[in-house]
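> Just dropping this structure here.
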């Protein structure tokens, strides 16, 4: 019985360890800031007809900012390209979303990744999004959910709307969480009171990752020992 | 409370204490608990507003309880496919047994339900839970004499689960009939019955023969440990953004 229990536990925990390892090393979009999160449960479409632009103020852009991400709210994958404009004091840039809308980040997959020229310094920018194709309206994904917070409301042609347009800033190519583990932990521990911080959070995670499975193994082995009277 | 009082009377039926005295004792105990619950509710209502103990029941729509057939249909469709002529519950999106029991309670969804496991994990857990229910029915049939000998304990455990679910469905039905038709239920509301789940799993595992018992028990514990650590890891990785 003991051997069966050990084999089963080892198999389950091995699969879990492999999954956790994959989670740690798998490349993910290198998000730098999230100005407004995408909808969580329910999207509100923001329709941008000819020439109309949806804008958000106070979007943080840095010299590392390379991509503006917005989310499509179109019910079909047939979507137009977008024109994204970012303006701050003494600086502005305009860019088009990928030419092939059917490729990842082109909009057909629900995500628009528009590459921009980064500002030379850290700025609080106003980012505007509009359809780049005359005669074709763009539909973006917004949210009216209370849990979706934003620094500034979304305005369409200067008029404030209820829906908040999802908008994020990426640093460029994908990267794995493990490659910048300290940064991830620092963010997770941002509101922890001193002297606790990223290091203590990391240690706590290590204790949980090792301690919880170890406790389960100990509980099983001990119960088997008691059952067999060893 | 009534179940507990009835069980106390039934369990003490062979004792030398007169029936009348036992009935009075049980009634006094129930009355004491009832007074405590009412007092707690009144105090909470006076000081906590919408977040009071009875806030979800009294602060929601008034129409919910007037439509008992709708309530019955809602509860049926929460667990099973709709029968002919059943009206779908108000509100958008599908929320039922799988979302509450499998995704949010047994497996887990985190950070206000934003961080989730891959769907394959939920599917696997749903299959495992279904198999567990089948084995539970078989275990009860096979060990009926044991269940019967502990009927009082079984009744108390069942009362915990059923009374909690009845209250939750009632409150959820009230909210669904409110102006926003909002879903109320979340897996964390089932935490009070974790002990019932544990006792049920232990009973099922104990019924099985030696090696299967050891393997299944070890597997369930390892799976629980893996899901716990995995949930923490998924949530931390969310801070990547």
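Just so you know, all these numbers are worked out from the coordinates, no wet-lab data involved. Here the structure is a predicted model, which is why all the values come from computation and not from measurement. Note that we place each Cβ from the backbone using ideal geometry, even for glycine, and neighbour counts take in every protein chain shown.
> Modelled label-to-label distance, residue A:206 and residue B:159, 7 Å Cα→beta-carbon offset: nm?
5.0 nm
> What ranking, highest mean first, results for peptides B:30-37, A:190-197, A:75-82 when packing means the other Cβ atoms within 10 Å averaged over each residue?
Ranking the peptides B:30-37, A:190-197, A:75-82 by packing returns A:75-82, B:30-37, A:190-197.
> With springs only between Cα atoms under 10 Å, which of B:44, B:112, B:163 fluctuates most in a Gaussian network model of chain B?
In the Gaussian network model the winner is B:112.
> Before rounding to the nearest 500, sum -39500 (n - 2.57) across all DSSP H runs of length at least 4 in chain B and divide by the residue total; then give [θ] at 222 nm in deg cm²/dmol.
Details: 9 runs with 154 residues, N = 241.
Taken over chain B, the calculation gives -21500 deg cm²/dmol.
> In Å, what is the Rg of the alpha-carbon atoms in the protein assembly as shown, and how long is Dmax?
27.9, 94
> I've got another one for you. Would you mind ranking B:145, A:32 by Cβ crowding within 10 Å, fewest neighbours first? Spell out each step's value before the answer.
Details: B:145 8, A:32 18.
Placing the least packed residue first, the sequence is B:145, A:32.
> Related question: Under a GNM of chain B (C-alpha, springs under 10 Å), which listed residue has the highest mean-square fluctuation: B:178, B:130, B:108?
B:130
> Only counting other Cβ atoms within 10 Å, I'd like A:165, B:83, A:9, A:1 sorted with the fewest neighbours first. Could the numbers behind the result be given before it?
On the way: A:165 28, B:83 9, A:9 24, A:1 16.
With the fewest neighbours first, A:165, B:83, A:9, A:1 line up as B:83, A:1, A:9, A:165.
> May I ask you to compute the full-extension gain from residue A:109 to residue A:149, defined as 0.36 nm times their residue separation minus their alpha-carbon distance, rounded to one decimal in nm? Present the calculation step by step, with values, prior to reporting the outcome.
On the way: separation 40, 0.36 × 40 = 14.40 nm, distance 2.41 nm.
Extending this stretch completely gives an extra 12.0 nm.
> Which distance in nm do the two modelled labels at residue A:133 and residue A:180 give, with both placed 7 Å along the Cα-to-Cβ direction?
Once both label points are built, they end up 3.3 nm from each other.
> While we're on this one: Could you compute the FRET efficiency for residue A:26 and residue A:117, with r as their C-beta to C-beta distance and R0 at 30 Å, rounded to 0.05?
On the way: r = 29 Å, r/R0 = 0.97.
Calculated value: 0.55.
> Below 8 Å between Cα atoms, with a sequence gap of 6+, how large is the relative contact order for the stretch A:108-218 in percent?
Working: 45 pairs, mean separation 13.8, N = 111.
For the stretch A:108-218, the relative contact order is 12 percent.
> Compute the angle between helix A:198-228 and the longest alpha-carbon principal axis of chain A, please, reported from 0 to 90 degrees and rounded to the nearest 10.
40 degrees
> Continuing with this model, one more query. What is the Cα centroid distance between the stretch A:169-230 and the stretch B:134-155, reported in whole angstrom?
39 Å
> How would B:234, B:113 line up from fewest to most surrounding beta-carbon atoms within 10 angstrom?
In increasing order of surrounding Cβ atoms, one gets B:113, B:234.
> Using label points projected 7 Å from each Cα along Cα→Cβ, tell me how many nm separate residue B:194 and residue B:182, to one decimal.
2.6 nm
> Going 7 Å from the Cα of residue B:112 toward and past its Cβ, which residues in the stretch A:147-176 have a backbone nitrogen under 13 Å from where you end up?
What the label zone holds, given the 13 Å backbone N cut-off, is A:147-151.
> Which FRET efficiency, nearest 0.05, do residue B:76 and residue A:11 yield, Cβ-Cβ r, R0 35 Å? Working shown, then result.
On the way: r = 39 Å, r/R0 = 1.11.
E between residue B:76 and residue A:11, to the nearest 0.05, is 0.35.
> Taking springs between alpha-carbon atoms closer than 10 angstrom, which of B:75, B:17, B:193 fluctuates most in the Gaussian network model of chain B?
B:17
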